[in-house]
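So the structure is just underneath, and the comments pick up after that.
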Amino acid sequence: MQDPFTPAFFRRLERLRIRTKRSALGTREGTHLSLRRGQGLEFSDYRPYSAGDDFRHIDWSVYGRTDRVYVKQFRAEHNLEVMILFDGSASMGLPSGERKFELARDLSLALGYVALADGDSVIFSCLGHKNTPKYYGQSAFPRAQRELLTIEPKGSFSLRTEIRAAVAGQKLPARCYLISDFLIPPEEQQEALDFLRGKNFDVSVVQIIAPSELRLELPNSGTMVDVESGEELQIALDATSLREYAQKLGAHVEYLERYCRRVGIQHLVLSSDESLSDVVLQKFPKAGLLQ
Amino acid sequence: MIPWFTSSIASFHFLNPFMLLALAGLPLLVLAYMRREQSRRHLVSSILVLKQLSKKATPRKRFFPPLRFFLELLALLALVFGASGPLHTDSGEKIAVLFDTSLSMQAQSTEARGRTRFDAAVEKFSQWLTKQKSGNTYFLFTAAPRLLQVGDTGKLRAVNSEQETQGMSSSAILALVKAIEPTLAADSLEGAANELLGSGRYEKLVIVSDKQVDVQGGIQLVETLIVGAPVPNVALQSLRIERRDLAKDSQKIVASVATTGGAAGRCEVDLSFIDLGGTASRMQTQPIQLPTNGLLDVSFQIAESQAQGFYQVLLRPKDGDALAEDNIGTVSVQEAQTASILMVEPNPNLGDLGLSSLPGFSVRQLTPEAFAALSDDELMKSQVVVFHGTAPRRLFSRPALIVVPPNDNPLFPGKAEVSSPRISSWLIDHPLLSYLKVPLLNPAASVVFRENAYGKAIIRAESGPIALAGEANGARFVVLGFEIFPFEGLKTPIPTVLTLNILSWLRGGAQLGEERRTGGSLDLRQSKQTLTKIVGTGKAIQRDIDPRGVIELAYSGGYVLQDEQSSHLELLAVNAFHTEESDTGDIQSIVLSSAGKEREGNQNLGFPLWRYAALVALVCILLETVLALRGREQEAA
C-alpha cells in the first residue's frame, strides 16, 4: 500500500493545528494559550507597577486616566501535551483486509505530525502494546512512524486498564485522542472515557468500523468466534436478523455518541475504507478535532 | 401391529445383503458434517452486537445440520439399499415341488417294509413341509412322462409358460401329494427341473425323487429330498415275436429278462393268451435261473395262427424283486398272424410273382379293375398292397409297394426308362437297405422318377431316383423303378433281402402294429380309428377311454383300435419297458443346468426395489446439488 505520508500530505498537515478547548499547560513555550501568565501576546490583566517590571508593558492610557502606573499582564503560550491512544487489540485486525488498525495507526501518526509541527509534544500509545517516548519537533516523526509500523493488532484487554496504564506517566492534562472500534460493552466505554475526563484530558473519540461490520457480511449460518474473548455464538441469519443487526449496531454507536455529546467529548465515526487524507484534512477539522 | 411389521420385514429379500454393511459408514457422513461445521467457524472482531440478536438468529449451539445433510443421508441410504438388491416378495416363498411319480418310485422302499419309495417320498415331503415357513406358496408338478402341473383338484394340466398358476398352502399340497398316483411311465426329471428353473417364477425348486440331483454352477435354488436305496430288481426289458422266415422254421415269442441291483436266483416265466374279451389262459411256464446284473432271453414257441388277442408274459421271481410292475409284458397277436398281401397286377398270368412262398404271408391277386371295386373293408384286411406294373391314383391308409409303375402314373411319374442304370448313391442308414450291398442290385432296367414331393429317394442312379419311400395317410409306401420279382428266395439273395426289408419296413411303420411304452401318446386326431378299450393288464384295468384326440398311454396292456368305417381292429400293446426306471440298483443322477439358469430364475424372486431406491437417491442428489449451488451463489454475493 502506498505510503500516505507524502511531502504534499505533510505540507497540508503543517497548515493544521491541534484544536483544544482547554488552555495548554505544557512545559515549553508553545503556541497555545496557557492559563499561566507569561510572555505571550494575549492581554490578560493589569497590575500595579512593581520595581523591576518591564517599562514596555506600562499602560500609559490608564496612567493618563488615573495617574497611577499599571503594567499589562499577558497570558503565557505553552506547548500542548498530546496523547494519541489507538486500539491495538485483535478486534482491530478483523475483518481481515479491511484495515481498521492501519487507519487507526495512520490517523494517529497524522495527528501526531500536526502536533509535532505545531511545537506540541506527542506520546503515541498503542493500547495493549506499548507507549512511545514523548516526541518533540517534526524531526521526531520518522522515529515515531518506525516505532508504530512494527505493531500488529492482537490480544484483548480492558480498555480502561490499558488507558490507565498508558496515561500513568502523564502528569499534566493532555489533549487526548482515543481511536478504536469501540466494540466493547457501553459500560466499558464509559468507564474508559470517564477515566480520561477525570484526568482532565481534552478527549476526542474516533470510532472506526469496517464496511463489512456495518453491513454484517457474514455466512448465514455457522459459528462466530469472538477473536478477543474466544466466545462462540451460533447464528442462523435471515433478512429479518440482518435488519435487526443494523438496528442493534446503530444503537450501539448511538449510545457512545450520546454519551460523548453529554459529556462534551467530540465523537467521530469513520469507515475503515475512507481515505486518510480525506479524514484528516476534511473530517477532522469539520468535527473540531483539528483546526 | 407387530405381526404386520415382522411379516413386512420378512417379505424383503436382499440379493447382495453384504452391501448393507456399507451403512456402517453413516457415522462418517455425520463426522464429515461436523468437520464441515468446524470449518464453518468464523473469527469475527466481536460478537457483542450479534449476541443482542433474537433467539431465532442465535440458536443454541448443537449439531443441527442443514437440509443438505439429510438429503445426502437419504441418498446414501437409498444407494446402499438399492445396491443390496432388495426384493419384495409376498410373504413366504414360491416353491415348485417336482414330485417323481415314475415307475422306479414304486420300488419297494428300504426305509420301511411293505412301503414303496413313493410312500417314503410322501412321508419325507410331509416332514420337510413342517420345517418350512408358513407363508410359503407351493406349486406341485410331476414329470412322468412329461412335466405337468397338478391342479388344486388333482387334475393334471400342461405347464403354460404364459399363464400364471395359483399356488397352494402347505396343507393343500400335502393332501394333493397323498392323493396323486404313481405312474408306470419313465420320468423326464432333468428336463422338467430345468424348465421350472428357467421359468423364473419360483424362488425354490424342491425335487422329491429317488434320483440324485447333480447341480452345476452353484445353484442355490434346488433342494432334493432323496428316497430309496439300491435294491435288487427283476424286469422284463423287451418282448418280441420272431416269425418264421427263411432262417427260422417256427414262430416264437422272445422275452428279455434283466436283473439289476444284485438280483439273481430262480424265476418262473409264464406265457398267457388274453382274448379280446379279457379272458386269460396260461399257455406255458418256464423256470429260469436269473443271472446277477445281466440279461437273459426266454423263448416261447407259438402257433402261427391264433385268434385275435394278446400274448402276455409274466415274470415270477422267487427271490427279491423291487418292482412288480415291470414284470409283465404284452404283445398283440396281430403281429403273430400271417400277413395278408394284396397284389394288384394287370397281367393275371404272372401269378403271385413268388410272393406266396414268403413265410408268414398269404397273397391275394387282383386286377386293377377288381382292386378299384374293392371295398374298404376288404382292403383293410390286407397288411400290404403290392402294385406291380400299375399304380394307384391316390395313396391310402395301407402300406403299399409299387413296382415298376407306368411312367404316366399320377403319383410317381417317371421321366425316363433307362437300361442298366448306374447306381450313384443311396441312403446308407435307411432300414430298407439293411444288410444290402446296394451296388450288387444291378437292375437291368429301371424307371427313373421325377423328384417327388411324396417320398424320399432311397436309391439314385446317375439319371435320377430309382427307388422312393415315404409315409402318407399313416401308412408307408415304397416305389421301385426296377423289377425285384419274381420272389425266388435264396436263389436271388439280393432282391430277396430287399423284398424282405421292404415288407418288414412297410408293416412296422406309422402308428399301427407297433409296440408302445407306457407314458407315450397316441395321436388319433387325423385318424379314423377310435380307441375302444383296454384288455388284460397286470393291474386288470378295463375301462372306456376318451375316443378322440391325443391319448396318453398311461397303462400297460393291450389296446384295441377300431376303424370307424369298417370292423377292422388294430391291436396295440403298451409296455412299461423303461430300462432306467427298472434299474433300481443304481440311483442315477439328474444334472441340472449351470448358474446361468439360476440368474434367470432369480429375476423373479420378488419385486425388485432397487429401481425405486436409485430414483430416490437421484432425486436427493439433484436437490442437494441445487441447494449447494444456491448456497455458493449466496456466499459469492
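The values are calculated or read from the model by the stated rules, or taken from the named source; none is laboratory data. Remember, it's a predicted structure, so these values are computed and weren't measured experimentally. When we count neighbours, we look across all protein chains shown, and the Cβ atoms used for this are built from the backbone with ideal geometry, even at glycine. Protein only, heavy atoms only, side chains kept; ligands, DNA and RNA dropped before computing areas. Shrake-Rupley method; radii C 1.70, N 1.55, O 1.52, S 1.80 Å.
Quick notes
- Minimum 40 Å² accessible area buried by the other protein chains, region B:17-49 residues, probe 1.4 Å, relative to alone: B:Arg40, B:Arg41, B:His42, B:Leu43, B:Val44, B:Ser45, B:Ser46, B:Ile47, B:Leu48, B:Val49
- Mean separation of Cα contacts under 8 Å (6+ apart) over length of chain A, as relative contact order %: 19
- Inter-chain Cβ neighbour average for residues A:183-196, partner chain, 10 Å: 1
- Local net charge near B:Pro27, Cβ-Cβ under 14 Å (Lys/Arg +1, Asp/Glu -1): 0
- Other protein chain Cβ atoms within 10 Å, averaged over every residue that makes up A:215-224: 5
- Helical contribution to [θ] at 222 nm, DSSP H n ≥ 4, -39,500 (n - 2.57), averaged over chain A, rounded to 500: -10000 deg cm²/dmol
- Between A and B, accessible area buried - total, square angstrom, nearest 100, 1.4 angstrom probe: 2600
- Distance between the pseudo-spin-label points of B:Glu462 and A:Tyr136 (7 Å out from Cα toward the beta carbon): 15.0 nm.
- Global form of chain A, assessed from the alpha-carbon gyration tensor, a/c cut-off 1.5: prolate
- Formal net charge of residues neighbouring A:Thr132 (Cβ-Cβ distance under 13 Å; K, R +1; D, E -1): +4
- The residues of region A:211-291 present an accessible area of 48 Å² per residue when probed at 1.4 Å with all protein chains retained.
- Candidates A:Glu102, A:Glu274, A:Glu217, ranked by Gaussian network fluctuation over chain A, Cα under 10 Å, top entry: A:Glu217
- Measuring nothing but how far apart in sequence close Cα pairs (under 8 Å, 6+ apart) lie, relative to its length, region A:73-188 scores a relative contact order of 38 percent.
- Estimated at the nearest 10 Å², the accessible area of B:Thr101 is 0 Å² with a 1.4 Å probe.
- Global geometry of region A:73-202, whether rounded, prolate or oblate, following the gyration tensor of its Cα atoms and the 1.5 cut on a/c: oblate
- Restricting region B:401-494 to chymotrypsin sites (Phe, Trp or Tyr not before Pro) in coil, as DSSP defines it, with at most 14 other Cβ within 10 Å: B:Tyr435, B:Tyr454
- Relative contact order for region B:373-446, counting Cα pairs under 8 Å that sit 6 or more residues apart, in percent: 23
- Over 19 Å between alpha carbons, listed pairs B:Lys252/B:Lys491; A:Lys100/A:Lys283; A:Lys130/A:Lys286: B:Lys252/B:Lys491; A:Lys130/A:Lys286
- At R0 = 45 Å, FRET efficiency that the Cβ-Cβ distance of B:Gln212 and B:Leu21 yields, to 0.05: 0.75
- Shown for region A:79-104: residues covered by the partner protein chains by 20 Å² or more of accessible area relative to the chain by itself (probe radius 1.4 Å), namely A:Leu94.
- Local net charge near B:Leu74, Cβ-Cβ under 11 Å (Lys/Arg +1, Asp/Glu -1): -1
- Evaluated with a Cβ-only charge set (Lys, Arg +1; Asp, Glu -1), region A:197-273 carries a dipole of roughly 560 debye about its Cα centre, given to the nearest 20.
- Nearest-10 value in Å² for the accessible area of B:Asp586, using the 1.4 Å probe: 80
- For the peptide A:236-245, the mean number of other protein chain Cβ atoms found within 10 angstrom of a residue's Cβ is 4.
- Listed pairs A:Lys171/A:Lys199; B:Lys94/B:Lys211; B:Lys124/B:Lys178; B:Lys133/B:Lys204; B:Lys124/B:Lys204 exceeding 19 Å between Cα atoms: B:Lys94/B:Lys211
- Protein-only accessible surface order, largest first, of B:Asp297, B:Asp275 at 1.4 Å: B:Asp297, B:Asp275
- Normalised per residue, the accessible area of region A:68-174 is 36 Å², obtained with a 1.4 Å probe and no contribution from ligands, DNA or RNA.
- Percent of Cα-Cα distances greater than 14 Å, calculated over region B:396-452: 65
- Using a probe of 1.4 Å, the accessible surface attributed to A:Arg99 totals some 80 Å² when neighbouring protein chains are kept in position.
- Counting only protein chain heavy atoms and rolling a 1.4 Å probe, the accessible areas of B:Lys456, B:Lys252, A:Lys171 rank, largest first, as A:Lys171, B:Lys456, B:Lys252.
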